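Everything below concerns the one structure shown next.
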Amino acid sequence: MDCIFCKIANGEIPSNKVYEDETVLAFHDITPQAPVHVLVIPKQHISSMADITAENSAVVAHISEVIASLAKELGLENGFRVITNSGEDGAQSVKHLHFHVLGGKKLTEKMA
Ligand code: 5GP
Ligand code: ZN
């Protein structure tokens, strides 16, 4: 499958990693939109939040734990934002589930 985040997950495409375990990878976004902008992805290909089911939701719970821990490591004690764009109306450009973790400054109140 021609999926850029699958290629990052399997090492075919390099990334600036901040965390990795058996099922999850976190790396800096190539076009940061905040002083801290990290992407957290399941290594397994899941297209978007619209494809989460009882069978694969455990990795999303795990990603939540990874984000909480990473936020501390990345110095986001003052707060941060997690965004998951899904589908056409959600303006998702990479069709592999990913969570944007944004912080390092006071973010705008506007979300959409
Ligand atoms: P989306 O718009 O799908 O929610 O977000 C995709 C994100 O992936 C964008 O913020 C974009 O900058 C980032 N991105 C796209 N290609 C690459 C890449 O090859 N490496 C990294 N590190 N980030 C990427
Ligand atoms: Zn993929």
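Structure notes:
- Tail fraction, Cα-Cα pairs, region 28-73, threshold 12 Å, whole percent: 68 percent
- In order through region 10-27: 3J(HN,Hα) via Karplus (6.51 cos²θ - 1.76 cosθ + 1.60), integer Hz, x for Gly, Pro: 9, x, 5, 10, x, 8, 8, 6, 10, 7, 8, 9, 4, 10, 9, 9, 10, 8
- Once the Cα gyration tensor of region 1-60 is diagonalised, semi-axes √(5λ) in Å: 20, 14, 11
- Highest average packing first - 18-31, 49-62, Cβ atoms within 10 Å: 18-31, 49-62
- Whole-Hz Karplus values for region 76-91 come out as 9, 4, 7, x, 6, 10, 10, 10, 10, 6, 10, x, 4, 5, x, 6 Hz, taken residue by residue from phi with 6.51 cos²θ - 1.76 cosθ + 1.60 and θ = phi - 60°; glycine and proline positions read x.
- Semi-axis lengths, largest first, of the ellipsoid equivalent to region 72-112 are 23, 13, 6 Å, with √(5λ) applied to each eigenvalue of the Cα gyration tensor.
- Under-5 Å amide H pairs with residue 19, H placed in peptide plane, nonlocal only: 26
- For the chain, lysine pairs with C-alpha atoms less than 21 angstrom apart, excluding pairs fewer than eight positions apart on the same chain, total 9.
- Over the chain - Rg/Rh using Cα atoms and the Kirkwood inverse-distance radius: 0.94
- For the chain, adding -39500 (n - 2.57) for each run of n ≥ 4 DSSP H residues and dividing by the number of residues yields -6000 deg cm²/dmol at 222 nm.
Every read-out reported here was derived from the displayed coordinates using simple, explicitly stated rules and does not represent laboratory data. Keep in mind it's a predicted model, so treat the numbers as computed, not measured. So basically every Cβ, Gly included, is an ideal-geometry build from the backbone, and we count neighbours across all protein chains shown.
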